[in-house]
Amino acid sequence: MRKIVIMFLLVTALAVWGVGTAGAVEIITEDMIQGKILTKIDFIKNADNFIILFDSSKTMQETLPGTNKSKLEVAKEFLKLRNELLPDLGFTAGLYLYTRPFRAISEMQRYDRAGFRNAIDQLPDEAKGGTDLRKGLSELRTIIAGLSGKTVVLLFSDGKLVVSDVGKKPKEISRQIAEKNDVSFYVISSATGEDEKQLLDAVSSINASSRVIPLEAFL
C-alpha cells in the first residue's frame with residue numbers, strides 16, 4: 001500500500017472525506033484514512049482562517065495507545081510535519097494554549113511557515129497543569145469575533161476537564177460560536193475513556209462540517 005499523505009485538515013478534510021448529515025458527528029477512523037490512497041493533493045482554500053487550540057495539560061503525558069510516546073509528543077510532531085506541508089494560501093492563523101492559564105503562542109496574523117514553525121517550537125515539552133476547555137472555548141469566541149470569512153478550529157484534546165470547571169458545557173459554547181460565525185471544528189482527539197470521547201463527540205457535533213479525528217490515525 002502506498003504511503004498516505006495527510007495534509008492539514010483544513011485544506012483536505014472537506015474534499016477527501018466530504019460533509020456528513022447536518023447535526024451529525026462524523027468520526028474519522030484509521031481504517032477510513034487507509035481506504036483513501038492519496039497520490040495527488042489538490043490544494044483548495046476551504047478556509048480563510050485557522051486557529052489551533054492546543055492542550056499541554058498533565059494528562060497529555062499519558063502514552064498514546066499504539067506508541068511509546070506521550071500524547072503531547074505525538075501532537076507536537078503532527079503540528080510540525082503538517083506545518084511543513086501546508087502551502088501559503090493567504091490564511092490568517094493563530095496558535096493558542098488553553099492549558100491553564102490560557103495564552104497566545106502566536107496571535108492571529110497572516111500565516112508564515114517559518115514564523116509558525118517558531119511558534120510550534122515554543123509549545124511546552126513537558127505536560128503539566130490543568131485542562132480548561134471551557135475557558136479555551138470562551139476565549140475562542142472573542143478571537144473569532146475579530147475575523148472575517150470561514151474559520152477552521154483545530155482543537156487538540158484528550159477530553160479531560162479539571163474538576164473545578166464550572167459554567168456552560170463545551171458543546172454549548174461551541175454551538176453558540178457556530179451560530180454566529182462561519183466555523184468548523186476539527187477535534188484531534190487523544191481521548192481513551194468513553195466519557196472523554198463522548199465529550200469531544202459532542203463538541204464536534206455542532207454542525208455538519210465539524211469532525212472528530214483520533215490522533216493515532218495520523219501515525
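The values are calculated or read from the model by the stated rules, or taken from the named source; none is laboratory data. Quick caveat, the model's predicted, so the values are computed rather than measured. Here Cβ is always computed from backbone atoms with ideal geometry, including for glycine, and neighbour counts include all displayed protein chains.
The table below lists the values:
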| item | result |
| --- | --- |
| Some residue of the range 7-19 being outside any helix (DSSP H, G or I) and either modelled with pLDDT of 95 or more or buried (at least 21 other Cβ atoms within 10 Å of the Cβ) (or both) | yes |
| Conditions (1) modelled with pLDDT of 90 or more; (2) surrounded by 13 or more Cβ atoms within 10 Å (Cβ to Cβ); number of the one not met by LEU85 | (1) |
| Which numbered condition GLY35 fails, given (1) modelled with pLDDT of 85 or more; (2) more than 28 Å from THR142 (Cβ to Cβ); (3) of a type outside the set (Ser, Thr, Tyr) | (1) |
| Any hit, the range 51-63, residues being basic (Lys, Arg), outside any helix (DSSP H, G or I) and more than 17 Å from the chain's Cα centre (by Cα) | no |
| Conditions (1) more than 20 Å from ASN46 (Cα to Cα); (2) acidic (Asp, Glu); (3) part of a helix (DSSP H, G or I): number failed by ASP125 | (3) |
| Cβ pairs under 6 Å, 6+ apart, first in the range 138-154 and on the phi < 0 side of the Ramachandran plot, second among the acidic types (Asp, Glu) and surrounded by 12 or more Cβ atoms within 10 Å (Cβ to Cβ) | LYS150/ASP48; LYS150/ASP182 |
| Positions within the range 65-81 being under 19 Å from THR192 (Cα atoms), surrounded by 14 or more Cβ atoms within 10 Å (Cβ to Cβ) and without any contact (Cβ under 8 Å) to a residue 12 or more places away in the chain, in sequence order | LYS69, GLU73 |
| Residue, surrounded by the most Cβ atoms within 10 Å (Cβ to Cβ), within the range 103-112, restricted to residues that are over 16 Å from the mean Cα position of the chain (by Cα) and touching a residue at least 24 places away in the same chain (Cβ under 8 Å) | TYR111 |
| Positions within the range 193-219 being in a loop (DSSP other than H, G, I, E, B) and either of a type outside the set (Ser, Thr, Tyr) or at pLDDT below 75 (or both), in sequence order | GLY193, ILE206, ASN207, ALA208, LEU219 |
| Extreme residue, modelled with the lowest pLDDT, among residues of the range 152-192 that are closer than 30 Å to GLY66 by Cβ and among the β-branched types (Val, Ile, Thr) | VAL163 |
